[in-house]
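Visitor: Just dropping this structure here.
The values are calculated or read from the model by the stated rules, or taken from the named source; none is laboratory data. Values in this document were obtained by computation on a predicted structure and should not be read as measured data. Using ideal geometry, Cβ is built from the backbone for each residue, glycine included, and neighbour counts are taken over all protein chains shown. To get the accessible areas, we keep the full protein, side chains included, count just its heavy atoms, and leave off ligands, DNA and RNA. Shrake-Rupley method; radii C 1.70, N 1.55, O 1.52, S 1.80 Å.
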Amino acid sequence: MLRALLLLSVTFAIIAPDARAQSWGEVRGTVADTTGAPIFGVTIVVSGTNFGTATNDDGVYSMRLPTGAYTLRFSAVGFATRTSDVVVSRDAATRVDIVLAEASFELDTITVQEDRIPDAAGMHRVEPEHVQNIPSPLRDPLRALKVMPGVATNNELSNQYSVRGGGFNENLLFVEGFEIFLPFRPRQGEQEGLSLLNADLADEIIFYTGGFPARYGGKLSSALDVSYLRPVDQRVEGSAYLSLLDAGVSASSSTLDNRVGWVVGARKARASNFFETQELKGSYEPDYTDVQAKINIRPGAGFDLELLGIVAEHQFELDPNSRRTFFGTLSQDPRLAPSNIKSLWTRFAPDNREEDGYRTAFGGVRLSRTFANGLRLSQDFSIYDTEETERFDLDGTAILFQVDPGSENPQTGEDQIPIGTSQTSDDADNEVGVRMVSGQGRVIYPLRQHVLEFGYFGRRLEFRDRLSEKSVVVGPNLEGDIVRIVADSLNDEATFDEYEAGGYVQNEIDFLPSDPGRLSVTAGLRADYFSFNDRWTFSPRLSARYRLNELTVLLASWGIYYQAPGYRELRGRPEPGQSILGALNRDLKSQRSNQIVLGLERFIPSRRLLFRAEAYYKDLKNVNSYDIENVRIRYSGKNDAEAFAYGLDLQLRGEFVPGLESWANYSYLVARERFLPEFVNELNSGDVARPTDQRHTFSLFVQDYIPGDPTWKLHLRTLFGSGLPYTPPIPGEQIGNIVTQIPGPRFSARYPRYFRFDVGATKSVVVFERGLNRPVKLEITGELLNVFNMINTVAYSWVPDASGIWNRIPTRLTPRTINVRLRVQF
């Protein structure tokens, strides 16, 4: 704590002088033509940024700017563009009147903005630079998605996410067109490490929150497509970073007269300082390492050979010591309602240990041929191989205390009365191996106002699964004898070997050649086959984009999406005595989602902000219901329900200050499921909440700088989500004075809201004006994570007291944490 306070005081001591100097002034004036007539709708922007305003009906404009010198750019359709230098003084108005001469042709500045407008409903672009700037424990593109509209999350330890009511397992991930995957069986976020997406190597990140076209298939909710850099005419350049939690280095270049281009990156994350802030104390030893490389070879005119390789290893080791959790209610007026504060102290045996991890290797090769008429052919092959292990032996003795609310120092155990004790024993020795060998081809042919595309793919799937786990609760009965209750137990292994195949056709049409880009429609059809259940699925897709005027775009999409059951969905939950293979359901159908999205984008010229709204509805059939325990998904293994989801996503995006993009999102969501008659019981009848039914979500990413010193930048991230549902337990069989627990009414209770506020400050310094290919720049970043030390709960466990009553114990996430990062660009 002392180190954190010292670092924070130094950071703000450096920032404070510049912060006090921050001040604004105003620029105002009129814009007229050569006859003196005012011009409406003239765009005024600060050169090199998208920050600006526009003139009103009288040709008048005004714009507030931080003090300093700027170059303003004035442009309008039919007039020659002009620039004007201006100096903005503190609390003063500077007048700049401009006369624009007519021009035979001038590019409309709205066209410049057009590149920033997503091309289709549900499509968003994530700048790799933003991934670097968003304050978060680890730099990872998946963690950056948490500030995108429609994305819900309640766990900063995990890189998993839910999109528009979908599950964690319903999102597609691609690197350079090759599909990659998250770990298949994590229990908690600490086990995940980083994702296989390296933002330092990224050139473009496209994220579909819905309505994705036919080229993407196999999932219900979203698609993330990351393209890596393709160096051309480039000497060696790159970057390196080091923080208290992670480190990395990357480089790229082209050689042999641009016939060869390469990018390479390596990362290591050891976030022990971050994990050790949790209530579970012990020795945390996480260690993630990956190396990635991409090579582009151009052997001849029109040919391109691409090679992509990824090797990743993650080991998470924990030697647990103790956990101390306080919970309950503190009354402001005991006369109206008494306080009820309890604490749970858990101690683990000295030889207890948890060891989890995975080793992943990926290799892909693609050969492309582009012809003079624009026809492009490509064929690729890839192999994805991963081995995941999970081993732990945890014996914990828990003592439940009633806490005196008047205690001055409850952390020491003062004024606490023991009211119950129990012992839990959890052990596991699990392994899962996955190998996927894939091949796919694509043909793209532009033909006048059409872009025709079709593709095909095949994939061999191999799973090797070994499960050996047991969970036991130990406690005394009424006679004082020790009773062991086996809560969960499974010991088996299995091998799974199947294949998938399919293809798609797609046509992008520009319907109005006389006005290019005004009305574009994309229509496609996808077919998929899965050998395990011997079923074909057919997915029609349709999306449209209509530019109503220079400021307004209408978006729409409709499609049917299928998700073939993966190994986790097929296995479900084996019954006691049932083997893993016996639990595989060969009659399990692919889940089906009929989705419609309607959207509106409105450009606000006076502030150069983009407002975006999208409403959606999903109708789901053949639902394979599931529960979530922390981040672990447990499927039923049956098509036992139907479901629906609807909601609204709003975003306001733009440069709130010159040169730095910021945005704010709000999402409203309702996600419900109804079990089929043969699966209905008294605990799941009617429309019940789905596990991801997070009603309200708000996220904010704001960037600012200190006027007078542009080398300082400030970054702020806010995440808020209303409580996710969970299934509370109800009394089951009684053994002595211990009443066992069984799941109660399905998802009828909710966790508390999730809220965190993270802030960072970055100082940029040019170290050398001449580097290998560009100036060498050093960035020093200080971050304060969870600024307000908000208490967030990710799960509950249940412990009985001496009377046999079970008490709800929260599993809480990380408190306030400090991180420091150094980054060098060369």
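Visitor: Of everything in segment 626-647, what is in a loop (DSSP other than H, G, I, E, B) and free of Cβ contacts under 8 Å to residues at least 60 places away in the same chain? Give them in sequence order.
Guide: Result: 639, 640.
Visitor: Filter segment 35-50 for residues that are touching a residue at least 24 places away in the same chain (Cβ under 8 Å) and among the β-branched types (Val, Ile, Thr); which is farthest from residue 654 (Cα to Cα)?
Guide: Step by step, filter segment 35-50, then rank; the result is 39.
Visitor: Out of all the residues in segment 499-510, is one or more open to solvent by 70 Å² or more (accessible area, probe 1.4 Å), in contact with a Gly (Cβ under 9 Å, 6 or more places away or on another chain), part of a strand (DSSP E or B) and modelled with pLDDT of 95 or more?
Guide: Yes, because at least one residue in segment 499-510 is open to solvent by 70 Å² or more (accessible area, probe 1.4 Å), in contact with a Gly (Cβ under 9 Å, 6 or more places away or on another chain), part of a strand (DSSP E or B) and modelled with pLDDT of 95 or more.
Visitor: Specify the residue that is most open to solvent (accessible area, probe 1.4 Å); the eligible residues are those in segment 409-446 that are modelled with pLDDT under 90 and of a type in the set (A, V, I, L, M, F, W, C).
Guide: Ranking the candidates gives 417 first.
Visitor: Among residues belonging to segment 774-819 that are open to solvent by 40 Å² or more (accessible area, probe 1.4 Å) and aliphatic (A, V, I, L, M), point out the one that is nearest to residue 712 (Cα to Cα).
Guide: Once the filter is applied, the top-ranked residue is 780.
Visitor: Yes or no: residue 709 farther than 27 Å from residue 625 by Cα, surrounded by fewer than 19 Cβ atoms within 10 Å (Cβ to Cβ) and touching a His at 6+ places or on another chain (Cβ under 9 Å)?
Guide: no
Visitor: While we're looking at this one, here's another question. For a quick check of your reading of the model, give me the residue pairs whose first member lies in segment 535-548 and is closer than 13 Å to residue 503 by Cα, whose second is open to solvent by 40 Å² or more (accessible area, probe 1.4 Å) and at pLDDT below 95, with beta-carbon atoms closer than 9 Å and at least 6 apart or on different chains.
Guide: Filtered contacts from segment 535-548: 537/589.
Visitor: Are there any pairs, at least 6 apart or on different chains, whose C-beta atoms fall under 6 Å, with the first in segment 51-78 and modelled with pLDDT under 90 and hydrophobic (A, V, I, L, M, F, W, C) and the second open to solvent by less than 50 Å² (accessible area, probe 1.4 Å) and outside any strand (DSSP E or B), and if so, which?
Guide: Short answer, once both residue conditions are applied: 51/658; 54/41; 54/605; 76/39; 76/42; 77/108.
Visitor: Could you please give the count of residues in segment 511-536 that are open to solvent by 40 Å² or more (accessible area, probe 1.4 Å) and of a type in the set (Lys, Arg)?
Guide: 2
Residue by residue, here is whether (1) at positive phi; (2) of a type in the set (A, V, I, L, M); (3) free of Cβ contacts under 8 Å to residues at least 40 places away in the same chain holds:
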residue	(1), (2), (3)
347	no, no, no
379	no, no, no
394	no, yes, no
400	no, yes, no
418	no, no, yes
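Visitor: Mind listing just one residue for me: the one in segment 341-365 that is buried (at least 20 other Cβ atoms within 10 Å of the Cβ), in contact with a Phe, Trp or Tyr (Cβ under 8 Å, 6 or more places away or on another chain) and not polar (S, T, N, Q) and, of those, farthest from residue 310 (Cα to Cα)?
Guide: 342
Visitor: Which one of these is of a type in the set (Lys, Arg) and under 30 Å from residue 511 (Cβ atoms): 442, 435?
Guide: Testing whether each residue is of a type in the set (Lys, Arg) and under 30 Å from residue 511 (Cβ atoms) leaves just 442.
Visitor: Considering only residues that are within 22 Å of residue 248 (Cβ to Cβ), outside any strand (DSSP E or B) and among the polar types (S, T, N, Q), which ones fall in segment 202-234?
Guide: Passing the criteria: only 234.
Visitor: Determine if segment 244-256 includes at least one residue that is closer than 20 Å to residue 822 by Cα, in a loop (DSSP other than H, G, I, E, B) and open to solvent by less than 40 Å² (accessible area, probe 1.4 Å).
Guide: yes
Visitor: State all residues of segment 174-201 that are assigned to a strand (DSSP E or B) and open to solvent by less than 10 Å² (accessible area, probe 1.4 Å); if no residue qualifies, say none.
Guide: 175, 178, 180 - these are the residues of segment 174-201 that are assigned to a strand (DSSP E or B) and open to solvent by less than 10 Å² (accessible area, probe 1.4 Å).
Visitor: Among the strands (runs of 3 or more DSSP E) confined wholly to segment 720-826, which include 3 or more residues that are charged (D, E, K, R)?
Guide: 754-768, 776-785
Visitor: While we're looking at this one, here's another question. Checking residue 30 against (1) more than 23 Å from residue 654 (Cβ to Cβ); (2) open to solvent by less than 60 Å² (accessible area, probe 1.4 Å); (3) touching a Ser or Thr at 6+ places or on another chain (Cβ under 8 Å); (4) not in a strand (DSSP E or B), only one condition comes out false. Which one?
Guide: Of the numbered conditions (1) more than 23 Å from residue 654 (Cβ to Cβ); (2) open to solvent by less than 60 Å² (accessible area, probe 1.4 Å); (3) touching a Ser or Thr at 6+ places or on another chain (Cβ under 8 Å); (4) not in a strand (DSSP E or B), the odd one out for residue 30 is (4).
Visitor: Turning to a different aspect of this structure: For residues in segment 257-294 being closer than 30 Å to residue 347 by Cβ and among the basic types (Lys, Arg), which is most open to solvent (accessible area, probe 1.4 Å)?
Guide: It comes out as 270.
Visitor: Specify which of the listed residues (714, 683, 676, 669) is among the aliphatic types (A, V, I, L, M), in contact with a Lys or Arg (Cβ under 8 Å, 6 or more places away or on another chain), touching a residue at least 12 places away in the same chain (Cβ under 8 Å) and open to solvent by 20 Å² or more (accessible area, probe 1.4 Å).
Guide: 683
Visitor: Can you tell me which residues in segment 626-646 are small (Gly, Ala, Ser) and open to solvent by 10 Å² or more (accessible area, probe 1.4 Å)?
Guide: Within segment 626-646, just 636 meets the criteria.
Visitor: Got a number for residues in segment 125-156 being in a strand (DSSP E or B) and closer than 20 Å to residue 196 by Cα?
Guide: 3
Visitor: Given the conditions (1) under 25 Å from residue 704 (Cα atoms); (2) exposed (fewer than 12 other Cβ atoms within 10 Å of the Cβ), and given that residue 63 satisfies all but one, which numbered condition is not satisfied?
Guide: (2)
Visitor: Okay, next question. List every residue pair whose Cβ atoms lie under 6 Å apart, where the two residues are 6 or more positions apart in sequence or sit on different chains, the first residue falls within segment 216-228 and is within 22 Å of residue 538 (Cα to Cα), and the second residue, located anywhere, is of a type outside the set (A, V, I, L, M, F, W, C) and in a loop (DSSP other than H, G, I, E, B).
Guide: The qualifying pairs are 219/170; 220/166; 220/170; 221/166; 221/170; 222/209; 223/216.
Visitor: For segment 599-625: of the residues being touching a residue at least 60 places away in the same chain (Cβ under 8 Å) and closer than 18 Å to residue 671 by Cβ, which is surrounded by the fewest Cβ atoms within 10 Å (Cβ to Cβ)?
Guide: The residue in question is 618.
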